[in-house]
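Remarks on the structure that follows.
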Amino acid sequence: MTRPVTGSAPIIAVDGPAAAGKGTLSKRLAEALELPHLDTGLLYRAVGRLMINAGLDPASTSGESIARSLSLADLQRTDLRTPDVDAAASLVARDNAVRQALVDMQRLFARENGAVLDGRDIGTVIFPDADVKLFITASPYARAVRRYIQNGGSDDAPDRDQLVRTVEVALIARDHADSTRASAPLRMADDAVKIETDTLTADEVLAHSLRIVRDALKAKNVNLPSASVQDLCS
Ligand code: DC
């Protein structure tokens, strides 16, 4: 028996720590599988941005009402990846009222056509019954090098090691904050497949993930809207 696409289309959860490569992977997975993609970090970033612009301090004020009126259009803003928003989003993400306010939006996003969603709590809280759960991770050092290069750093810079170390320290602090917060901490779901990406290229991570998705969906008789995931893996 195969499930109809509408109403029970595939949900693919991609969780993991910052800079592990889950954003790139999720985007490419969604393209390959012809599923909508939601980067759920943008929800927390948008609430943080709107709070900053309204003169509200996320350290002392709840962003719940802003979260309740958030729309997908807010996620298209081009000012969601600035350092002040990084810090605000991290505070916003600790607020349980905000997290609750964003649950329905994430579930509704995937209801019609399924989706690939990436974040920290997709497989544990938002979609505990997701059809496939991937947990993408890498050592703090590997993630720091990637983030350093993404931010325009050069491997030839004389102070490269020191700069990478600074990024690594910040990532370790963020991992700690994400994993120890009371509300929906970053944790690998018991039934997730862990992919360590230290020594893998983005193409290898995608190919490996597609194989996992194909096998999991086949075992569950879940249909994909795309032509054939089998072809994508061959
Ligand atoms: O992945 P990111 O850096 O864009 O996430 C921004 C912040 O939101 C970060 O502090 C982690 C948090 N977050 C979360 O708590 N739950 C999610 N599902 C996604 C992100």
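Under a no-solvent Debye model with one identical scatterer per Cα of the chain, what's log10 I(q)/I(0) at q = 0.13, 0.14 Å⁻¹? Per q value, in the given order, log10 I(q)/I(0) is -0.80, -0.92. Exposed loop sites are taken as trypsin sites (Lys or Arg not before Pro) in a DSSP loop (any state but H, G, I, E or B) with at most 16 other beta carbon atoms within 10 Å; the longest stretch of the chain without one runs 82-186. Over all directions, the projected convex hull of the C-alpha atoms in segment 95-234 averages 10.4 nm² in area. Between Asn223 and Thr199, the FRET efficiency estimated from the beta carbon spacing at R0 = 41 angstrom works out to 0.75.
Just tell me the longest site-free run in the chain, where the sites are GluC sites (Glu not before Pro) in a DSSP loop having at most 16 other beta-carbon atoms within 10 Å. Mind showing how you got there, number by number?
Values: sites that count: Glu34, Glu112.
By the stated rule (loop sites, at most 16 other Cβ atoms within 10 Å), 113-234.
Accessible area per residue for the chain is 49 Å², calculated with a 1.4 Å probe on protein heavy atoms, without ligands, DNA or RNA. Express the Stokes-Einstein translational diffusion coefficient of segment 23-116 in µm² s⁻¹, to the nearest whole number, given a Kirkwood radius over alpha-carbon pairs, 4 °C and a viscosity of 1.567 mPa s. The estimated diffusion coefficient comes to 95 µm²/s. Electrostatic tally near Leu91: other residues with Cβ closer than 15 Å to its Cβ, Lys and Arg +1, Asp and Glu -1, net +1.
For the pair Arg165 and Glu34, how long in nm is the line joining their label points, each one 7 Å along Cα→Cβ? Reported label-point gap for Arg165 and Glu34 is 5.2 nm.
Report the full-extension gain for the segment Ala59 to His176: residue separation times 0.36 nm, less the Cα-Cα distance, to one decimal in nm.
40.3 nm
Any idea what the relative contact order of the chain is, in percent, if you count C-alpha pairs under 8 Å spaced at least 6 apart? This gives 35 percent for the chain.
So if I place +1 on the C-beta of Lys and Arg and -1 on the C-beta of Asp and Glu, and nothing else carries charge, what would the dipole magnitude of segment 106-190 be about its Cα centre? I want it in debye, nearest 20.
Value, rounded to 20: 200 debye.
How much FRET efficiency would the formula 1/(1 + (r/R0)^6) give for Asp215 and Tyr141, where r is the Cβ-Cβ distance and R0 is 41 Å, rounded to 0.05? The pair Asp215/Tyr141 has a calculated efficiency of 0.85. Annotation: lysines with alpha-carbon distance below 17 angstrom to Lys218 (same-chain offsets under eight excluded): Lys133.
The values are calculated or read from the model by the stated rules, or taken from the named source; none is laboratory data. This one's a predicted model, so the numbers in the text were calculated from it and none came from an experiment. Using ideal geometry, Cβ is built from the backbone for each residue, glycine included, and neighbour counts are taken over all protein chains shown. To get the accessible areas, we keep the full protein, side chains included, count just its heavy atoms, and leave off ligands, DNA and RNA. Shrake-Rupley method; radii C 1.70, N 1.55, O 1.52, S 1.80 Å.
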